[in-house]
Structure formats: C-alpha cells, structure tokens
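Reviewing the structure listed below.
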Amino acid sequence: MKSRFKPKYSIKKGDQVVVISGSDKDRNTPRTVLSVIPDETSPRVLVEGVNIKTKHKKPNAQNPQGAIVKEEGPISMSNVMLWDAKAKAATKIRRERKDGKAIRISKKSGEVIK
C-alpha cells in the first residue's frame, strides 16, 4: 500500500464475525477471523469455515502420494460483520480514545470489543 497513513479496519485477526452475504451467509453463527488481507481497492478476510476451496497438492518428499486439501479462501470484508456476544447479534462499532489508545465499542450493547 502506497498511502501515507495505514487504513483502519473495524475487523481484526481473532475477532468473532458473522457472514452477512454470499453463499456462506449465516447471521446467527459467529466464526473466527484467521487473517485480514489489506488491499487498496477491497480489503479481504479469511474466515474459519467460509469459502472452502479444494486444492490439489503435488507429490513431494514429505508427502509422496500428493493430497487433496480443503482450505479457506478470502472473502470481502464488506460481507462480514462483527459479532457482539452480549447482544448475541451482529453489530457496528464506534471508536473512542482511552489512555491514548483507540478502543472499539459495540453500538448495540456498549461493550468494549477486545
């Protein structure tokens, strides 16, 4: 990224999110974010158990047979929403500064998101 300031996203690695659109849409089941992939045009996230792809691995020294592996593919960050455990629903966030650090606060319940 060639911008002067690093973009701030409301979703971070390890957060609980729900998928709100796409083929894996499920607004009631929270899932874990495995990684965030920043991009200039559309930031993407890897979410546990969502957008499963089948990958064929060639035979090598560790695996002489080769393998067919199922792994997660990235989806757009706009297709997921943060999960609020207290409200048991998807929520937006707001940011506040506390002791010089920005903290994320759920708009539904008012709880701090860690």
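Some observations on this one:
- Residue order, fewest to most surrounding Cβ atoms within 10 angstrom, among I75, I37: I37, I75
- Each residue of the range 43-54 was assigned a 3J(HN,Hα) from its phi angle through the Karplus curve 6.51 cos²θ - 1.76 cosθ + 1.60 (θ = phi - 60°); the sequence is x, 10, 10, 9, 10, 4, x, 10, 6, 6, 10, 9 Hz, with glycine and proline shown as x.
- Karplus-derived 3J(HN,Hα), 6.51/-1.76/1.60, for each residue of the range 105-111, Hz, glycine and proline x: 10, 5, 6, 6, 9, x, 7
- Remark: spin-label model distance S78-T32 equals 2.9 nm, labels positioned 7 Å along the Cα→Cβ axis.
- Remark: for residue pairs K8/K92; K8/K107; K6/K98; K8/K108; K6/K108; K12/K108, the C-alpha separation exceeds 24 Å in K6/K108.
- In terms of other Cβ atoms within 10 Å, R104, R4, R27 run from fewest to most in the order R4, R27, R104.
- Approximate spin-label separation S21-K6, in nm, with each point projected 7 Å along Cα-to-Cβ: 2.8
- Partners for K57 among lysines (Cα-Cα distance below 16 Å; same-chain residues under 8 apart left out): K70
- Most fluctuating residue given options I103, I68, I52, as computed from a GNM of the chain linking Cα atoms under 10 Å: I68
- From phi via Karplus (6.51, -1.76, 1.60), per-residue ³J(HN,Hα) for the range 76-81 in Hz, x at Gly/Pro: 5, 5, 6, 8, 10, 9
- Where (i) 1.08; (ii) 1.02; (iii) 0.93 are the candidate values, the label of the one calculated here for Rg/Rh (Cα atoms, Kirkwood Rh) is (i).
- Between the beta carbons of K98 and A67, assuming R0 = 35 Å, the FRET efficiency works out to 0.15 to the nearest 0.05.
- Using R0 = 22 Å, the C-beta based FRET efficiency linking S42 and V112 works out to 0.20.
Coordinate-derived values only; no laboratory data. A quick note: this is a predicted structure, and the numbers were derived from the prediction, not measured. Virtual Cβ from ideal backbone geometry, glycine too; neighbours counted across all protein chains shown.
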